[in-house]
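The values are calculated or read from the model by the stated rules, or taken from the named source; none is laboratory data. Note that this is a predicted model, so its numbers are computed, not measured. Cβ placement follows ideal geometry from the backbone for every residue including glycine, while neighbour counts extend to all protein chains displayed.
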Amino acid sequence: MAMKENLTQESILKLIYEEERPWGKFRVYPHQLASSLKIITVNPGQMLSLQYHQKRSEYWVVLDPGLEMTLGERIWQTRPGEEIFIPAGTAHRLKNIGSLPARIMELWLGSSGEDDIVRLEDVYGRVK
């Protein structure tokens, strides 16, 4: 896939594949398209900003229980192993409603940096 900017959930899903092994399986994500790969940990009772990105989409894989996801108008409790595509320009937030730290794996799809965050709401006073 040549153009990172034209990524859609469907195009990303076509690039993800899974292989069975005698011991179980593994799932391969399109890391070659990513400008960053992170593991984000959210402490109990804490939340990320309600934010969007102008230059990148994101693909999240939920690693632990206890997280509540906001994506556009939809809010739900995620489950470990759930995969979430966040298109560029879409407001999103992650909140830990559990009693233990909880993590997601985040792939940045598109060229951008930490400065590509437009905060709409933030409990830490970082909205400009």
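General remarks:
- Residues satisfying the stated conditions in the range 35-51, i.e. assigned to a strand (DSSP E or B) and in contact with a Lys or Arg (Cβ under 9 Å, 6 or more places away or on another chain): 35, 36, 39, 40, 41, 42, 47, 50, 51
- When the range 68-96 is filtered for residues that are assigned to a loop (DSSP other than H, G, I, E, B) and touching a Leu at 6+ places or on another chain (Cβ under 7 Å), the ones remaining, listed by number, are 78, 80, 90, 91.
- The listed residues are 23, 60, and the only one of them that is surrounded by fewer than 17 Cβ atoms within 10 Å (Cβ to Cβ) and among the aromatic types (Phe, Trp, Tyr) turns out to be 23.
- Within the range 102-120, considering residues that are surrounded by 12 or more Cβ atoms within 10 Å (Cβ to Cβ) and among the charged types (D, E, K, R), the one nearest to residue 83 (Cα to Cα): 106
- Any hit, the range 2-16, residues being surrounded by 15 or more Cβ atoms within 10 Å (Cβ to Cβ), modelled with pLDDT of 90 or more and of a type outside the set (S, T, N, Q): no
- Number of positions in the range 112-126 that are assigned to a loop (DSSP other than H, G, I, E, B) and at pLDDT 90 or above: 7
- Criterion applied to 15, 107 was being among the hydrophobic types (A, V, I, L, M, F, W, C) and touching a residue at least 24 places away in the same chain (Cβ under 8 Å), and the one residue passing it is 107.
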